[in-house]
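Undergrad: The structure follows.
The values are calculated or read from the model by the stated rules, or taken from the named source; none is laboratory data. It should be emphasised that the depicted structure is a prediction, and the values quoted were computed from it without experimental measurement. Neighbour counts are summed over all protein chains in view; Cβ atoms, including those assigned to glycine, are modelled from backbone coordinates with ideal geometry. We work out accessible area using only protein heavy atoms, side chains counted, and drop any ligands, DNA or RNA first. Shrake-Rupley method; radii C 1.70, N 1.55, O 1.52, S 1.80 Å.
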Amino acid sequence: ARRAPPPPRGGGSHEVLGLPPDASELDVKLAYYHLALAYRPDQSGRPDAAERFAEVGRAYSSIMGEPWDDAAGVPSAAPTPAEPALQPASHVPAFPRWVHRLSEYLERVPQRLDLWLMPSYSSVIYHHLRAGELAQALCTFEEMKVEGEVPSHAVYEMLIRGCTIAMRRVGKGEVPDHLTSNMLKVVMRLWKDMHEMERRPDYWTYNELIRAFGKAGAVPQALELFEHMCGNVRLLPEERAFNSMYEMCVLSGNYAAALQVFDEHEELRKSLWKPRYTPVSFSLLLAAVAREGDDLHKRIQQLPRVLALMDRHAVYPRAEACEKLLSACIATREIGLAAEVMSLIERVGQDVDPEIAARARRTIGEGEGGAARSLDEPAVEAKLERRDSSSS
């Protein structure tokens with residue numbers, strides 16, 4: 001990949017992008033993509049990356065006549081979710097080593113053919129995207145259309161995926177930076193162009209579009225698209241689409257929306273389609289149920305459903321997840337749910353924080369004691385009434 005030329009300080013908008021004043025709109029877009037991707041603060045190691053990133057975005061907005069928002073100019077170095085990221089499971093090879101060697105050989109065959117024959121536009125776009133050269137891939141796509149070649153369905157899908165990967169995920173309470181916003185615009189142009197070229201989107205294309213909406217924080221659009229998939233037999237979602245929806249809702253703080261997706265998941269499982277649950281699905285659902293928020297008391301009521309479903313699939317929460325569930329139950333004074341989680345911890349043998357476990361047992365004990373006292377009160381009152389009547 002080419003190294004990004006350092007944009008000059010204090011120059012005009014075209015100078016910042018390293019372009020002459022008479023540069024075409026396509027040249028402006030390609031220069032912007034290249035520089036913005038090179039100076040992303042969450043990936044660039046340069047100390048002045050955030051300043052350069054904002055400078056490039058401001059110059060691009062000025063040339064294109066678009067409004068500029070300072071909040072989108074200098075994002076934080078990385079998203080700061082309310083909870084730590086999920087820990088990946090240990091790697092277990094699914095196939096023998098010779099299968100991987102054969103797969104690598106078969107993957108090299110078309111690459112060698114491209115060296116011997118004239119490579120196609122589709123192949124060039126694919127190799128650019130594999131190398132992380134999104135700007136060059138988009139440039140090749142524009143050349144492809146100028147030459148009159150109709151892009152295939154796979155080309156559109158590859159480019160949408162490449163734009164989605166280039167986005168920075170928008171966390172709870174954050175706004176998308178200018179690169180993420182512009183990447184979403186590119187995705188929407190590709191989507192529109194796909195329909196104009198009569199390339200019918202399939203399930204995988206819809207799933208990539210949901211992921212793009214999710215990373216850009218466009219939750220309502222993603223929910224609308226997901227509803228369309230659920231109502232179309234040809235596009236019925238399976239576990240990948242559901243996990244994309246769960247991830248988007250949880251990381252953006254839309255926990256109630258994640259539980260709505262859960263209801264849709266359960267409804268589809270009553271049909272012949274039966275989309276599966278995965279451990280990732282359950283982890284995200286537990287987060288949606290137990291994360292702090294105004295409606296935590298309402299969301300925590302869904303915990304028995306999730307735990308019963310996990311038990312049927314022989315999947316159990318880790319110790320960290322159990323601790324968060326206990327904390328949520330204690331915070332909402334859900335004594336019965338806290339007792340259920342403690343029973344699960346003892347049955348599975350999870351090693352949770354002793355302080356949290358002691359606090360949960362103390363809360364459960366206080367709740368059970370209060371319930372016992374409330375049950376004894378009518379009997380005590382009746383006994384006093386009988387004593388008063390006999391004395392009178």
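Undergrad: From the list ASP42, ASP22, exactly one residue is among the acidic types (Asp, Glu), in contact (Cβ under 8 Å) with a residue 60 or more places away in the chain and part of a loop (DSSP other than H, G, I, E, B). Which is it?
TA: ASP42
Undergrad: Okay, next question. Has the range 106-126 got at least one residue that is hydrophobic (A, V, I, L, M, F, W, C) and open to solvent by less than 40 Å² (accessible area, probe 1.4 Å)?
TA: The answer is yes, given that some residue of the range 106-126 is hydrophobic (A, V, I, L, M, F, W, C) and open to solvent by less than 40 Å² (accessible area, probe 1.4 Å).
Undergrad: Considering each of GLU340, GLU334 in turn, give the residue that is crowded, with 19+ Cβ neighbours inside 10 Å and either within 17 Å of GLN302 (Cβ to Cβ) or among the small types (Gly, Ala, Ser) (or both).
TA: It is GLU334.
Undergrad: For a quick check of your reading of the model, give me the residue pairs whose first member lies in the range 272-283 and is closer than 15 Å to VAL250 by Cβ, whose second is part of a helix (DSSP H, G or I) and among the acidic types (Asp, Glu), with beta-carbon atoms closer than 6 Å and at least 6 apart or on different chains.
TA: Within 6 Å, the pairs are THR278/GLU239.
Undergrad: With (1) out of contact with any Ser or Thr (no Cβ under 7 Å at 6 or more places or on another chain); (2) farther than 29 Å from PRO354 by Cβ; (3) of a type in the set (D, E, K, R) as the list, and GLU292 as the residue in question, which single condition is left unmet?
TA: Failed condition: (2).
Undergrad: While we're on this one: Got a number for residues in the range 167-196 being part of a loop (DSSP other than H, G, I, E, B) and closer than 20 Å to LEU225 by Cβ?
TA: The number of residues fulfilling the criteria is 4.
Undergrad: Considering only the range 159-192, state which residues are more than 16 Å from ARG40 (Cα to Cα), touching a residue at least 40 places away in the same chain (Cβ under 8 Å), open to solvent by less than 30 Å² (accessible area, probe 1.4 Å) and out of contact with any Ser or Thr (no Cβ under 8 Å at 6 or more places or on another chain).
TA: Result: VAL186, single match.
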